[in-house]
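Shown next, in structure tokens, is the structure this report addresses.
Read the figures in this text as sums done on the coordinates, not as results from a lab. What you are looking at is a predicted structure, and each value in this text was computed from that prediction instead of being measured. Using ideal geometry, Cβ is built from the backbone for each residue, glycine included, and neighbour counts are taken over all protein chains shown.
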Amino acid sequence: MQSFSVRELSSGDTDALLAFEAHNREWFESQIDARDPAFYTSAGVAEHIERYLSDFASGIWHPFVIQDPTGRIVGRANLKAIDSAQGLAEVGYRVGQEACGKGVATLALKHLIQQARSRWALTALVAYVYPDNIGSQKVLDRCGFVPEPRWEAQQIGTERRFVLTLSAPQSAR
Ligand SMILES: CC(C)(COP(=O)(O)OP(=O)(O)OC[C@H]1O[C@@H](n2cnc3c(N)ncnc32)[C@H](O)[C@@H]1OP(=O)(O)O)[C@@H](O)C(=O)NCCC(=O)NCCS
């Protein structure tokens with residue numbers, strides 16, 4: 001795999017993030033819920049970043065971007081709805097169409113898991129995925145997530161819940 005890297009979202013990312021999201025808009029909308037059209041402007045993305053960074057400061061969200069070796073944004077990943085009292089958060093990620101199939105989402109999800117453990121001391125992570133999103137389910141499976149057993153066939157068209165239980169770090173002897 002090329003050397004992709006994960007870093008925190010920053011307030012200086014407005015132009016790069018707008019370029020990434022606009023370029024991949026159709027691709028994302030083919031697999032996940034569409035964003036509000038107002039998002040796709042400089043002001044919309046700046047407000048989006050400001051909200052994410054404010055939620056990060058409040059300890060309820062941890063936003064990342066994935067970049068290629070040239071520094072171009074090729075994906076995003078977030079720890080969402082962090083609930084420290086419950087030890088729980090949701091994961092989310094999206095990878096630009098041209099960077100897919102190179103392990104970028106797997107790299108990003110592993111990073112989220114590591115942050116959930118080491119920074120937030122969480123005990124479980126959840127993900128919600130549409131049943132026909134095979135690529136995302138493969139990424140989750142590879143990282144140890146298991147599907148909610150009580151999901152019924154008639155729920156097709158709704159997202160299925162996947163869970164990863166995080167073991168406590170081994171204490172040094
Ligand atoms: C789903 C998504 C995140 C995968 O990103 P990615 O960087 O390509 O993921 P990875 O390369 O780490 O792994 C994907 C795996 O799924 C496989 N895959 C992808 N689509 C597939 C399909 N339709 N059928 C079977 N396997 C598929 C890939 O071949 C790869 O497996 P491999 O490494 O064994 O070849 C990306 O397609 C995406 O961002 N889609 C739009 C947004 C989205 O769906 N986000 C997730 C919401 S839950």
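Relative to the globular-protein estimate of 2.2 N^0.38 Å, the Cα radius of gyration of segment 111-152 stands at 1.29. Residues whose amide H lies under 5 Å from that of TYR130, counting only those 5 or more places away or on a different chain, are ARG160; hydrogens are built 1.01 Å from N in the peptide plane.
Counted by neighbouring Cβ atoms within 10 Å, the residues LYS80, LYS138 run from fewest to most as LYS138, LYS80. The region of the chain that goes longest without hitting one of the GluC sites (Glu not before Pro) in a DSSP loop, each with at most 16 other Cβ atoms within 10 Å, is 1-151. For the chain, adding -39500 (n - 2.57) for each run of n ≥ 4 DSSP H residues and dividing by the number of residues yields -9500 deg cm²/dmol at 222 nm. In this Cβ point-charge picture (+1 for Lys and Arg, -1 for Asp and Glu), segment 30-143 has a dipole of about 400 debye about its Cα centre. Of all the options TRP61, TRP120, TRP27, the one that moves most in a Gaussian network model of the chain with Cα springs shorter than 10 angstrom is TRP27.
Which residues in segment 79-110 place their backbone N less than 20 Å from a point set 7 Å from the Cα of THR165 along the Cα-to-Cβ direction? So the set is 83-91.
Exposure proxy for ILE73, ILE66: other Cβ atoms within 10 Å of each Cβ, ordered fewest to most, give ILE73, ILE66. For the chain, the normalised intensity computed at q = 0.10, 0.11, 0.17 Å⁻¹ comes to -0.39, -0.47, -1.15 (log10 of I(q)/I(0), Debye sum over alpha carbons, equal scatterers, no solvent).
Rounded to the nearest Hz, the phi-derived 3J(HN,Hα) couplings of segment 106-116 under the Karplus curve 6.51 cos²θ - 1.76 cosθ + 1.60 (θ = phi - 60°) are 5, 4, 5, 5, 4, 5, 4, 4, 5, 5, 4, where x marks glycine and proline.
Between segment 87-135 and segment 16-79, how many Å separate their Cα centres? Measuring centre to centre over Cα atoms gives 15 Å. Using a Förster radius of 45 Å, what is the FRET efficiency between ARG7 and THR158 based on their Cβ-Cβ separation? Nearest 0.05, please. Calculated transfer efficiency: 0.85.
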